[in-house]
Amino acid sequence: MIIKGNIALSENGFVFNPSTGDSFTLNNTGKEVLMMIKKGKNISQIADLMIAKYDADRITIERYLEDFVNDLSMNNLMED
Amino acid sequence: MTNLRKVTVAVTGLNNIDSPGPGIPVIRGMRESKDFDLRIIGLAYEHLEPGIYMSDLVDKTYMIPYPAEGKDALFKRIVEIHQKEKLDVIIPNFDAELFSFIKLEKKLEELGIKTYLPSLEQFEERHKSNLPAYGEKYGVNVPAGTEVFSISDLDNTLKSMNYPVMIKGKYYDAYKAFSLEQAVSYFTNMSGKWGLPVIVQEFIKGTEVNIIALGDGKGNLIAAVPMRKQYITDKGKAWGGITIDDKSMLDLAKKIISKTKWKGGMELELIRTSDNKLYLLEINPRIPAWVYLAVGAGQNIPEALLKLTLGMDVKPFTKYDFGKMFVRYSYDMIVDLELFSRLTTTGEL
């Protein structure tokens, strides 16, 4: 699970893909998750950190994370 | 204080309208050069081309005859202008006038006026109607297409194609047609406006991306900046765009410039499909109207073109900023009737 190296993520959650010119806006949770993916963490490791922070069970959190990663892939932000 | 080289440059394409000519952004780029003291002469076809009245960019404007009047009429007018202005360089910016300027290249050179244009062969082979052969010759994906000369021709062609199809004018304009009736209407409109043939092209779905390139005529790519259109007008023109980091587009520009030994500015109009294939839709044989984005991204292509025209050494650009955007806008200038009347009566302003 590797995000493309040239993807830019700003402090305010603005994501820019310089290869396609696409840009996206993330909410705080999305930004937090994307930063963890950029640091090389996998879904299980991110879920560990999020369970401690949010009032939700692991299954729910992992399902949301998988959906999110799927969205990132669909929008050409992840390495194949 | 440095001694700047004094150069008088004539520029066409001052129609900074909703389907803008490249003249004004070309002038803006050249004006930003730190090497020249420029006198800019506008060459205009219509009295209301906005650039005529932009006195901070254009020092003087002369009316010139329409391309349809032929190269001799154009040459005669340029000689008149040259006697007053001592032109060093002409930068033509319209597809429709390039044929005449290419034909006049030697005669202009004899007068001491330099141009930097593709050869007639290079110019002709990249015509929209020749695109399939061009794609095959240079190994580039192009949409299937053909030229049509009559409505019955169009009818026959469409029998073997799937809708929608693109109906394109010889020089400008392109419309998507979803039925024979629509295609006939666009054919009639386009043939009346730009003459025959009209081009019928397979519609390729994807993202519109363009690349501006400058070739030195020896196969070297001097400058290139890829851009994705972000906001497209109903005329298909980019009203906003962003530079992108796309190696495959740069490679394509390099391949085309190198194989064709293209001399001068060009624009490749491309579509990137969802399976990441690039299709070449058109090659515009001159600098595009969005050139100022390239200047803003670090490649002053108009300045480089001027230097090449003057025989100066220009090192190829090696980088540009990606993620730079342009947002076009319209602006109302207030013009005194006296200026307009002077232009219409004397042909110069």
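So the values come out like this:
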{"item": "Enumerated helices (runs of 4 or more DSSP H) restricted to the range B:239-349, each holding at least 2 residues that are surrounded by fewer than 17 Cβ atoms within 10 Å (Cβ to Cβ)", "result": "B:247-260, B:337-346"}
{"item": "Some residue of the range B:182-190 being out of contact with any Pro (no Cβ under 6 Å at 6 or more places or on another chain), of a type outside the set (F, W, Y) and within 30 Å of B:I257 (Cβ to Cβ)", "result": "yes"}
{"item": "Residues that are more than 23 Å from the chain's Cα centre (by Cα) and either among the hydrophobic types (A, V, I, L, M, F, W, C) or under 24 Å from B:G240 (Cα atoms) (or both), drawn from the range B:324-342", "result": "B:D332, B:M333, B:I334, B:V335, B:L337, B:L339, B:F340"}
{"item": "Considering residues of the range B:1-33 that are in a loop (DSSP other than H, G, I, E, B) and at pLDDT 95 or above only, the residue surrounded by the fewest Cβ atoms within 10 Å (Cβ to Cβ)", "result": "B:E32"}
{"item": "Index of the failed condition, B:Y175 passing every other in (1) buried (at least 17 other Cβ atoms within 10 Å of the Cβ); (2) more than 14 Å from chain A (Cβ to nearest Cβ); (3) more than 20 Å from the chain's Cα centre (by Cα)", "result": "(3)"}
{"item": "Selected residue (criterion: nearest to A:A8 (Cα to Cα)) from residues of the range B:210-230 that are more than 14 Å from chain A (Cβ to nearest Cβ) and of a type in the set (V, I, T)", "result": "B:I212"}
{"item": "Selection count where residues are within 14 Å of B:F317 (Cβ to Cβ) and over 18 Å from the mean Cα position of the chain (by Cα), scope the range B:248-300", "result": "5"}
{"item": "Out of B:K205, B:K218, sole residue that is touching a residue at least 24 places away in the same chain (Cβ under 8 Å), exposed (fewer than 15 other Cβ atoms within 10 Å of the Cβ), of a type in the set (K, R) and within 25 Å of B:W262 (Cα to Cα)", "result": "B:K218"}
{"item": "Selected residue (only one of B:P92, B:P50 is of a type outside the set (D, E), out of contact with any Gly (no Cβ under 7 Å at 6 or more places or on another chain), more than 21 Å from B:K263 (Cβ to Cβ) and surrounded by 16 or more Cβ atoms within 10 Å (Cβ to Cβ))", "result": "B:P50"}
{"item": "Test: residue in the range B:186-209 that is of a type in the set (D, E), within 14 Å of chain A (Cβ to nearest Cβ) and either under 23 Å from the mean Cα position of the chain (by Cα) or over 25 Å from B:D275 (Cα atoms) (or both)", "result": "yes"}
{"item": "Qualifying positions in the range A:1-57 - more than 14 Å from every other protein chain (Cβ to nearest Cβ) and among the charged types (D, E, K, R)", "result": "A:E11, A:K31, A:E32, A:K38, A:K39, A:K41, A:D48, A:K53, A:D55, A:D57"}
{"item": "Options B:E97, B:E124: the member that is of a type in the set (D, E), within 30 Å of B:E49 (Cα to Cα) and assigned by TED's automatic domain parsing to the domain that holds B:I64", "result": "B:E97"}
{"item": "Complete set of residues in the range B:231-246 that are within 14 Å of chain A (Cβ to nearest Cβ) and either within 28 Å of B:S179 (Cα to Cα) or without any contact (Cβ under 8 Å) to a residue 40 or more places away in the chain (or both)", "result": "B:Y231, B:I232, B:A238, B:D246"}
{"item": "Unique match (being assigned by TED's automatic domain parsing to the domain that holds B:G219, at pLDDT 95 or above and more than 23 Å from B:S129 (Cβ to Cβ)) among B:E267, B:E303", "result": "B:E303"}
{"item": "Filter result (surrounded by 18 or more Cβ atoms within 10 Å (Cβ to Cβ) and not β-branched (V, I, T)) within the range A:32-52", "result": "A:L34, A:A47, A:M50"}
{"item": "Filter result for B:K168 (surrounded by 23 or more Cβ atoms within 10 Å (Cβ to Cβ), within 19 Å of the chain's Cα centre (by Cα) and at pLDDT below 95)", "result": "yes"}
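The values are calculated or read from the model by the stated rules, or taken from the named source; none is laboratory data. Remember, it's a predicted structure, so these values are computed and weren't measured experimentally. Every residue, glycine among them, receives a Cβ derived from its backbone with ideal geometry; neighbour counts consider all protein chains shown.
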